[in-house]
1. If I ask for residues that are open to solvent by 30 Å² or more (accessible area, probe 1.4 Å) and touching a residue at least 40 places away in the same chain (Cβ under 8 Å), which ones from region 91-134 would you list?
2. Does LEU81 satisfy the condition of being under 23 Å from LEU188 (Cα atoms) and surrounded by fewer than 17 Cβ atoms within 10 Å (Cβ to Cβ)?
3. Does CYS149 count as at positive phi, open to solvent by less than 10 Å² (accessible area, probe 1.4 Å) and either touching a Phe, Trp or Tyr at 6+ places or on another chain (Cβ under 9 Å) or at pLDDT 95 or above (or both)?
4. Does LYS161 satisfy being buried (at least 17 other Cβ atoms within 10 Å of the Cβ), charged (D, E, K, R) and closer than 22 Å to ILE78 by Cβ?
5. For TYR144, only one of the following conditions fails: (1) farther than 18 Å from TYR86 by Cα; (2) touching a residue at least 40 places away in the same chain (Cβ under 8 Å). What is its number?
6. Evaluate the following for MET174: is it within 24 Å of PRO89 (Cα to Cα) and at pLDDT 95 or above?
7. With respect to ALA125, determine if the residue is farther than 16 Å from THR48 by Cα and within 15 Å of the chain's Cα centre (by Cα).
8. Name, by its number, the condition in (1) of a type outside the set (Phe, Trp, Tyr); (2) more than 23 Å from GLU193 (Cβ to Cβ); (3) modelled with pLDDT of 95 or more that does not hold for ILE164.
Amino acid sequence: MRHFILLVFTLSIFTFSFGQNEPASLDCGKLMNYLNTGEFDKYQTELTNELVGSKVQPFEQYDMAGELVSSKTFDGEILVLNFWFYPCPPCLKEITSLNKLVEDYKDKNVAFVSFSRTDAATLMAKFFTRYQLDYINLPDSKSYCSKYCFVGFPVNMIADKNGIIQKIWFGGPMEDELSVYRNISAELDLLLEE
């Protein structure tokens, strides 16, 4: 009897732990209600609580060069995910920080992937004629962004080497061009120490 109880207890702990690391199953309708009633802070808090500790949603999309990019490619790497669209002013303002992060962490087992809600043709005609991204960009990512119930942009997330989301930053007004750099680099340094 003691062995049976111990087995059930052990399986319960395993099931609980395993379930915590699955991609979040979000109730976007509930989250949108917060926005409809002007409770943006509550939306951010609830969404952060749901996402932090869950696995990154799997993806398989084509980048700007037509190469297929899969989330499986980044297994074992710390992953910085950026969600944006063109011509979002705060999204454009943080490019300097993100490019600097890519340069400073290029040899440290950190990957950077951005998901743009903007289609590839618009990005080629209007964005890439004026800006440079030093990281992977996946255009036409509206459906992937929707999996996270994101409505305001930019959003940045960091996942650890196991693909577990550790931190989320919602965009908007920034202190300066490098504030995104400071926030993300501090979190990356902590994760790299583990």
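The values are calculated or read from the model by the stated rules, or taken from the named source; none is laboratory data. Note that this is a predicted model, so its numbers are computed, not measured. Cβ coordinates were reconstructed from backbone atoms using ideal geometry, including for glycine residues, and neighbour counts include every protein chain displayed. Surface areas here come from the heavy atoms of the whole protein model, side chains and all, with no ligands, DNA or RNA. Shrake-Rupley method; radii C 1.70, N 1.55, O 1.52, S 1.80 Å.
1. Hits for region 91-134 are LYS93, THR96, LYS100, ASP104, LYS108, ASN109, ALA120, MET124, LYS126, PHE128.
2. Values: under 23 Å from LEU188 (Cα atoms): yes; surrounded by fewer than 17 Cβ atoms within 10 Å (Cβ to Cβ): no.
Considered against the rule, which asks whether it is under 23 Å from LEU188 (Cα atoms) and surrounded by fewer than 17 Cβ atoms within 10 Å (Cβ to Cβ), LEU81 comes out as no.
3. Values: at positive phi: yes; open to solvent by less than 10 Å² (accessible area, probe 1.4 Å): yes; either touching a Phe, Trp or Tyr at 6+ places or on another chain (Cβ under 9 Å) or at pLDDT 95 or above (or both): yes.
Against the criterion (at positive phi, open to solvent by less than 10 Å² (accessible area, probe 1.4 Å) and either touching a Phe, Trp or Tyr at 6+ places or on another chain (Cβ under 9 Å) or at pLDDT 95 or above (or both)), CYS149 qualifies.
4. Details: buried (at least 17 other Cβ atoms within 10 Å of the Cβ): no; charged (D, E, K, R): yes; closer than 22 Å to ILE78 by Cβ: yes.
Taking the combined requirement at face value, the residue does not satisfy it.
5. (1)
6. Values: within 24 Å of PRO89 (Cα to Cα): yes; at pLDDT 95 or above: no.
It is false that MET174 is within 24 Å of PRO89 (Cα to Cα) and at pLDDT 95 or above.
7. Details: farther than 16 Å from THR48 by Cα: yes; within 15 Å of the chain's Cα centre (by Cα): no.
Here the answer is no, as ALA125 does not meet what is asked.
8. (2)
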